[in-house]
Amino acid sequence: MIRLEELHGQTAIVGSGIAGLMAALELAPQPVVLITREGLGQECSSAWAQGGIAAALGADDSPAQHLADTLRAGDSLCDETIASGILSEAHEAIAVLERYGVRFDRTVDGVFSFGREAAHSRRRILHFGGDRTGSEITSALKRAARQCPSITCLTGVEARRLITTNGRVTGIHLQKKNHAQVLGTAQVIMATGGCGGLFETSTNPSGNFGQGIMMAARAGAALRDMEFMQFHPSALDTSQTPLPLISEAVRGEGAILIDQTGRRFMAHVPGAELASRDVVARAVHLVISEGGRAFLDAREALGSGFAQRFSGIHALCAAIGIDPAHEAIPIRPAAHYHMGGIAVDKDGQSTLPGLWAIGECAATGLHGANRLASNSLLEAVVMGRRAARDVVGRKMRTLPTAPKAELLLESDPGSVRPVVSEYLGVVRDEMGLNCSISKLLPLIEANGRGSDPALVALAIAVFANLRCESRGGHFRSDFPGPASRSQSNLMTLAEILAHAGSVCQDPILRTA
């Protein structure tokens, strides 16, 4: 497989999206092992991000206003202290990205060209090439990582388990093809992205089913707010997997949402097309569930200028025979971003000593119940830097001899996707959640190829089952309103399994 002897005792980063790359670069000159199951920066949502990165840098803006918008979108579940700290570092984060070679769009006067997206009260979204922001940032950080002598990249290698000794991280179980080994390390930064691949309809890489969350949970780390999945309202309605995304920035430039009759169905909603994503996604879902179709109409707002403003999206539309200058774009909601994940503090530390988590696999408290558009790339940069600083300040512990690694079955979410898609989508209810739990728990217990994906899906179902209200990205038709009091939830795998077991003892489910 690979020769790990000389890498034992180095800090390990799992994942090579923006968060992972940033952490690796900021750790320099401390040696670090960057582990990715594909090529560097490949099969990660970071590179696909069209919308941009939110930063309150305009003359009419401030971190305080950005925070107010974030708290409003997060529907009372954001950690205000954490959110304020992350957003206040936006200026420094953008400066760091520019030092690594990122070139954001600017006006003819040389100042930043800001876009606007849903639930933002100001134009504060920075882009590259209109809709290629994530790709540009990822490419710049990849170039820097390849030139950094302190970073060793292990590509085509999959992390499968965290090894612990006396409740602390002491290694990672790695696999490549038919070989398995353990890398000894007491410092792991998890940066594995989200879990959109659990859904049949998603904008995420289909292989991303929440591997980092699964590994952390199996090792004993607590999870937070797993029920909150953000469904993007405007995925391109095609048969592709995953679904291409039509960035919210298109609506920010004035495009409207219409149904098959031409009715503008968001006109009566506060914020209209730029209402929070959960509101827009449910509106689009309702149109489709009633037998209609939903479209994004940019003909009047952008017309012939669409191709220049959003060249990447124009190419996606052209591939299915749609010309946005003259035709409305067919859309549908799709699983897009997970607000929950591994519970971490302000520096990315989890509840498991030796494990940090950053990016989408982590739950910092910034996003609350509903992520404000384009805050995620900012969080990835800021938390990648914070975790690196925290790791640098800690001495690597003495490690026990690495155990022999047995080959684990390749994970396959195929058996899980139908359950997740039917019961854990845009609209949920108690019976559906109970059914999902009863179907997922046996998949975990079978310890087959669906076990790891089922574990992540079960966590979403259990958290959703316990939240008897509708809030942000979590909507229950049997509890359509918010509870008078609400808070974030924290659970370990043992607690999740215990609740699932009690649900499965329900006599109604046993006879169903």
* Asked: Can you name every residue in region 390-430 that is closer than 30 Å to GLY85 by Cα and touching an Asp or Glu at 6+ places or on another chain (Cβ under 7 Å)?
  -> ASP390
* Flag for ARG309 being of a type in the set (Lys, Arg), in contact (Cβ under 8 Å) with a residue 60 or more places away in the chain, closer than 18 Å to ARG116 by Cβ and in contact with a Pro (Cβ under 7 Å, 6 or more places away or on another chain) -> no
* Structure fact -> Out of (1) within 16 Å of the chain's Cα centre (by Cα); (2) closer than 24 Å to SER436 by Cα, the one GLY220 does not meet is (1)
* Asked: Can you tell me which residue in region 194-236 is nearest to ILE172 (Cα to Cα), limited to those that are buried (at least 23 other Cβ atoms within 10 Å of the Cβ) and among the acidic types (Asp, Glu)?
  -> ASP225
* To do: Scan region 216-244 and report the pairs whose first residue is among the basic types (Lys, Arg) and whose second residue is buried (at least 24 other Cβ atoms within 10 Å of the Cβ) and not in a strand (DSSP E or B), with Cβ atoms within less than 7 Å and a gap of 6+ or a chain change.
  => ARG224/GLY340
* To do: Kindly establish whether ALA357 is aliphatic (A, V, I, L, M), at pLDDT 95 or above and closer than 19 Å to GLN487 by Cα.
  => no
* Structure fact -> Reported set for region 383-424 where residues are closer than 30 Å to PHE475 by Cα and in contact with a helix residue (DSSP H, G or I) (Cβ under 8 Å, 6 or more places away or on another chain) is MET383, SER411, ASP412, PRO413, SER415, VAL416, ARG417, VAL419, VAL420, GLU422, TYR423, LEU424
* Asked: Counting just the residues of region 468-508 that are over 11 Å from ARG428 (Cα atoms) and charged (D, E, K, R), which one comes out surrounded by the fewest Cβ atoms within 10 Å (Cβ to Cβ)?
  -> ARG485
* Matching residues in region 325-371 - criterion: being more than 27 Å from ALA68 (Cα to Cα) and among the aromatic types (Phe, Trp, Tyr) -> TRP356
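Could you tell me whether ALA283 is part of a helix (DSSP H, G or I), modelled with pLDDT of 95 or more and within 24 Å of the chain's Cα centre (by Cα)?
On the way: part of a helix (DSSP H, G or I): yes; modelled with pLDDT of 95 or more: yes; within 24 Å of the chain's Cα centre (by Cα): yes.
Criteria met by ALA283.
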* How many residues does region 424-458 contain that are surrounded by 15 or more Cβ atoms within 10 Å (Cβ to Cβ), part of a helix (DSSP H, G or I) and of a type outside the set (Asp, Glu)? -> 19
* Structure fact -> Given (1) at pLDDT 95 or above; (2) buried (at least 24 other Cβ atoms within 10 Å of the Cβ), ILE256 misses just (2)
* Asked: Name the residues in region 129-168 that are free of Cβ contacts under 8 Å to residues at least 40 places away in the same chain and within 21 Å of the chain's Cα centre (by Cα), would you?
  -> GLU136
* **Residue check, GLU158 touching a Lys or Arg at 6+ places or on another chain (Cβ under 6 Å) and not assigned by TED's automatic domain parsing to the domain that holds ALA343** => no
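Which one of ALA334, ALA362, ALA315 is aliphatic (A, V, I, L, M), modelled with pLDDT of 95 or more and over 30 Å from VAL391 (Cα atoms)? First the steps, then the outcome.
Details: ALA362 fails: over 30 Å from VAL391 (Cα atoms); ALA315 fails: modelled with pLDDT of 95 or more.
Unique residue meeting the criteria: ALA334.
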* **Which numbered condition ILE437 fails, given (1) within 25 Å of VAL169 (Cα to Cα); (2) in contact with a Cys (Cβ under 8 Å, 6 or more places away or on another chain)** => (1)
* **Total residues in region 401-423, condition within 15 Å of GLN211 (Cα to Cα), assigned to a loop (DSSP other than H, G, I, E, B) and touching a Leu at 6+ places or on another chain (Cβ under 9 Å)** => 1
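Determine whether ALA500 is in a loop (DSSP other than H, G, I, E, B) and not basic (Lys, Arg). Break it down stepwise before answering.
On the way: in a loop (DSSP other than H, G, I, E, B): no; not basic (Lys, Arg): yes.
So ALA500 does not fit the description; no.
Name every residue in region 93-116 that is in contact (Cβ under 8 Å) with a residue 12 or more places away in the chain and in a helix (DSSP H, G or I), in order of residue number.
Within region 93-116, the subset in contact (Cβ under 8 Å) with a residue 12 or more places away in the chain is 93-94, 96-97, 100-105, 112-116.
Matches in region 93-116: ALA93, ILE94, VAL96, LEU97.
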* Taking the options ALA119, ALA59, name whichever one is in a loop (DSSP other than H, G, I, E, B) and at pLDDT below 90. => ALA119
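Let me confirm something: among GLU290, GLU248, which residue is crowded, with 17+ Cβ neighbours inside 10 Å and of a type in the set (Asp, Glu)?
Values: GLU290 fails: crowded, with 17+ Cβ neighbours inside 10 Å.
None of the others qualify; the one that does is GLU248.
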* Tell me which residues, restricted to region 203-234, are within 21 Å of LEU455 (Cα to Cα), in contact with a Lys or Arg (Cβ under 9 Å, 6 or more places away or on another chain) and part of a strand (DSSP E or B). => GLN230, PHE231
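If only one of GLY425, GLY472 is at positive phi, in contact (Cβ under 8 Å) with a residue 60 or more places away in the chain and of a type outside the set (Lys, Arg), which one is it?
GLY472
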* Between residues in region 57-68 that are among the acidic types (Asp, Glu) and residues that are not in a helix (DSSP H, G or I), which pairs lie under 7 Å by C-beta distance while being six or more apart or on different chains? -> ASP60/ARG122; ASP61/ARG122; ASP61/ARG124
* Of the numbered conditions (1) over 16 Å from ARG218 (Cβ atoms); (2) more than 19 Å from the chain's Cα centre (by Cα); (3) not assigned by TED's automatic domain parsing to the domain that holds LEU490, ALA363 satisfies every one except a single condition; which is it? -> (2)
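The values are calculated or read from the model by the stated rules, or taken from the named source; none is laboratory data. None of these values were measured; they are calculated from a predicted model. Every residue, glycine among them, receives a Cβ derived from its backbone with ideal geometry; neighbour counts consider all protein chains shown.
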